[in-house]
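Novice: The structure's right below; bear with me while I get my questions together.
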Amino acid sequence: MGRSGAVSSTPTSLPDDAAHVLVVDDDRRLRALLSTYLVKHGHRVTVAPTAAKARAFLEGLAFDIIVLDVMMPVESGFDFAADLRTRSQVPILMLTARGESQDRVRGLEIGVDDYLAKPFEPRELLLRIGSVLRRTRAPPTGSVETSVIRFGRFAFSLERGELRAGDDPVRITEREREMLRLLSANPGAIVSREALSGSGGAAQERTVDVLVNRLRRKIEQDPTNPTYLQTARGAGYRLVADR
């Protein structure tokens, strides 16, 4: 792999629809490790040592997902992700060296799809990339909806994890999708903040409030006075669906 962060060598046996991953990290050894591992498991990979180099790649290439380190010189991963979200909805999986709740909250507020704390097992990263890609790529044509929850002009498919406003898809992150699945599994029932936090840990419950506020901005006419995603004070949240 060259010092410039050029596209990694890709096996000719990869299918045409193989996902293209952009890895942005200033650690040369980690870039090489992830590039080799992800290519071995069927992905096309481009690596960039800085946000500036990543931005240059994005001008000429289309990516299915970005794996982005938080701690980088000159421009942090947070700053790069915030700038990217002003013009692109490409999925972002953020890597953080600390894994602290404030890092997760800040990433969620920016609009990243998932996060993973360093050090991590490459296998876990591969699984998380696969999970994000399954939810953000278009579903197969001709597939049949089996369970759809409707609220107002919105519809959420439990099977596809897809939110739509009428005929138009609404872009949601992986964490938002997980939350909608929990709330939609039993519409009207209260789901605790602990359950919505994903891990059941109190340290992560603050992220629930961030996700709820973001979802409300997407589905509520007045997010400060929600109709569908309601607070059950002291207990959690519930999704009020159409009857």
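Condition check ((1) touching a Lys or Arg at 6+ places or on another chain (Cβ under 8 Å); (2) at pLDDT 95 or above; (3) not β-branched (Val, Ile, Thr)) across all residues:
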site: Gly2; (1), (2), (3): no, no, yes
site: Ala6; (1), (2), (3): no, no, yes
site: Thr10; (1), (2), (3): yes, no, no
site: Thr50; (1), (2), (3): no, yes, no
site: Lys53; (1), (2), (3): no, yes, yes
site: Gly60; (1), (2), (3): no, no, yes
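Novice: Also, quick follow-up: Looking at this structure, is Val132 under 22 Å from Ser197 (Cα atoms), at pLDDT 80 or above and not in a loop (DSSP other than H, G, I, E, B)?
Specialist: Yes, satisfied.
Novice: State which residue is farthest from Val105 (Cα to Cα) when the search covers only the range 16-40 and only residues that are of a type in the set (Gly, Ala, Ser) and part of a loop (DSSP other than H, G, I, E, B).
Specialist: Top of the filtered list is Ala18.
Novice: Which of the residues belonging to the range 167-187 are assigned to a loop (DSSP other than H, G, I, E, B) and without any contact (Cβ under 8 Å) to a residue 40 or more places away in the chain?
Specialist: Within the range 167-187, Asp167, Ala185, Asn186 meet the criteria.
Novice: Pairs, please: C-beta under 8 Å, at least 6 apart or cross-chain, first residue free of Cβ contacts under 8 Å to residues at least 60 places away in the same chain and exposed (fewer than 13 other Cβ atoms within 10 Å of the Cβ) and in the range 230-243, second part of a strand (DSSP E or B) and of a type outside the set (A, V, I, L, M, F, W, C)?
Specialist: Ala235/Ser192
Novice: Give the range 108-127 a look and list any residue that's farther than 30 Å from Arg217 by Cα and among the charged types (D, E, K, R), or say none.
Specialist: Lys118, Glu121, Arg123, Glu124
Novice: Being in contact with a helix residue (DSSP H, G or I) (Cβ under 8 Å, 6 or more places away or on another chain) and of a type in the set (Val, Ile, Thr) is the filter; apply it to the range 169-203 and report the residue that is modelled with the lowest pLDDT.
Specialist: The residue in question is Thr173.
Novice: Answer yes or no: is there a residue in the range 165-175 that is closer than 18 Å to Thr227 by Cα, of a type in the set (A, V, I, L, M) and crowded, with 17+ Cβ neighbours inside 10 Å.
Specialist: no
Novice: Right, something else. Taking the options Arg238, Arg164, Arg216, Arg206, name whichever one is modelled with pLDDT of 90 or more and not in a strand (DSSP E or B).
Specialist: Arg216
The values are calculated or read from the model by the stated rules, or taken from the named source; none is laboratory data. For clarity, every value in this text was computed on a predicted model and none was experimentally measured. Here the Cβ is made from the backbone with ideal geometry for all residues, glycine too, and neighbour counts use every protein chain on show.
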